[in-house]
Amino acid sequence: MLYCKSLYRESNNKILILVGNKKWPYYKNQFMESTDHYNFSIFRPRNLHGKKNRNVILSMLVIWAVAVFGFQFLLRGIQKPTSEKALTLFESTWPAVTTSDLPSVDYKAFLKALVLVKGKNVVKPDDQKAISEAISHVAFTVVPDSIRTQMINQVRDLADLKTKLAQAKDQEYLEIKALIGKKKAILAEISKPYSGFENGSLEATIFVGSLQEQYPGSLADISLSRLPDIMKLYLTHYQSKLTDQRFLGFPFHYFYTAVFLLILFVGLCIVYNILIEWRLKKEGIVE
């Protein structure tokens with residue numbers, strides 16, 4: 001059995017203990033909870049410092065969640081459906097083009113609305129097919145028979161060239177691609193007086209690319225019955241004051257999500273570090 005005796009107390013809470021003939025230094029904090037241990041569980045904090053640290057972290061997470069998801073819920077709550085001008089053009093001409101002779105109505109406005117939707121990259125394949133059929137019907141109906149024959153021949157040639165292009169390689173591929181470009185330019189130039197699209201414009205490119213040899217005989221055809229719903233789907237957007245308002249040159253909702261939330265995240269990180277440093281000093285925890 002060893003007899004231990006405290007000899008004297010040194011500074012910094014160090015005590016010398018005599019064990020046999022040897023002196024062993026002992027720090028009285030060794031039997032107490034150490035203040036220089038940082039390990040803690042956010043779910044089961046073991047001391048007061050851990051609980052306060054957890055509360056700070058959870059507060060930061062709540063602020064971040066409210067800033068991110070709260071803004072999205074706010075947008076959904078105040079948004080209203082807004083139609084593009086193209087939808088107004090379509091809806092004003094749709095009854096007439098389905099019941100009257102196309103040349104007697106404003107078919108160019110109707111055609112322009114179709115082309116604007118066809119050019120959107122979010123349009124589903126089935127919807128693109130219906131729009132292309134409608135464009136083809138209008139294009140081949142309003143032109144004279146002689147022009148129609150030329151246009152159909154060009155469309156047929158383009159289809160054959162596209163089939164060959166899929167199997168072509170090297171120089172042959174480049175030649176076929178150049179020939180396709182020339183065919184499209186000829187087709188756009190032939191149809192320009194009737195479509196209203198300038199050769200080389202984006203609208204003319206979409207218009208020419210939508211033409212197909214087989215198309216419905218009437219816009220009242222059952223295959224085009226979905227057309228009003230298709231146009232309404234792609235030409236109606238949800239907007240609000242937060243999306244229309246501009247801030248520092250950006251739409252406010254874009255600035256908030258792309259810039260402000262990033263600044264907020266960095267700010268929360270800085271605030272967290274400042275609070276933790278202040279608490280460590282306050283509680284005398286050695287880093």
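Readers should treat all values here as calculations from the given coordinates under stated rules, not as data from a laboratory. Remember, it's a predicted structure, so these values are computed and weren't measured experimentally. Here the Cβ positions follow ideal geometry from the backbone for every residue, glycine too, while neighbour counts run over all protein chains shown.
Residues with beta-carbon under 12 Å from that of residue 115, excluding residue 115: net charge, scoring Lys, Arg +1 and Asp, Glu -1?
Cβ neighbours under 12 Å give a net charge of +3.
Between the stretch 241-287 and the stretch 63-124, how far is it from one alpha carbon centroid to the other, in angstrom?
Result: 37 Å between the Cα centres.
Could you state, as a whole-number percent, how many of the C-alpha pairs of the stretch 158-287 are farther apart than 21 Å?
72 percent
Residue-wise, which Karplus ³J(HN,Hα) couplings in Hz belong to the stretch 79-85, taking 6.51 cos²θ - 1.76 cosθ + 1.60, θ = phi - 60°, and x for glycine or proline?
These are the phi-based 3J(HN,Hα) values: 6, 9, x, 10, 8, 6, 4 Hz.
Take the alpha carbon gyration tensor of the stretch 83-239, find the square roots of its eigenvalues, order them as a ≥ b ≥ c, and report rounded if a/c is under 1.5; if not, report prolate when a/b exceeds b/c, else oblate.
Taking the square roots of the gyration eigenvalues as a ≥ b ≥ c, the stretch 83-239 is prolate.
Computed FRET efficiency, Cβ-Cβ of residue 246 and residue 85, R0 25 Å: what is it to the nearest 0.05?
With R0 = 25 Å, the Cβ-Cβ based efficiency is 0.75.
Going by average Cβ density within 10 Å per residue, which order do the peptides 251-257, 130-136 take, highest to lowest?
130-136, 251-257
Pull out the extension gain between residue 106 and residue 254, defined as 0.36 nm times the separation in residues minus the alpha carbon to alpha carbon distance; nm, one decimal.
Computed gain between residue 106 and residue 254 is 49.5 nm.
Given an 8 Å cut-off on Cα distances and at least 6 residues of separation, report the relative contact order of the stretch 135-226 as a percent.
40 percent
Please work out the FRET efficiency for the pair residue 76 and residue 269, using the Cβ-Cβ distance as r and a Förster radius of 35 Å; give the result to the nearest 0.05.
Efficiency computed from Cβ-Cβ geometry: 0.75.
If each of residue 173 and residue 153 carries a label point 7 Å out from its Cα toward its Cβ, how far apart are those two points in nm?
Rounded to a tenth, the inter-label distance reads 3.1 nm.
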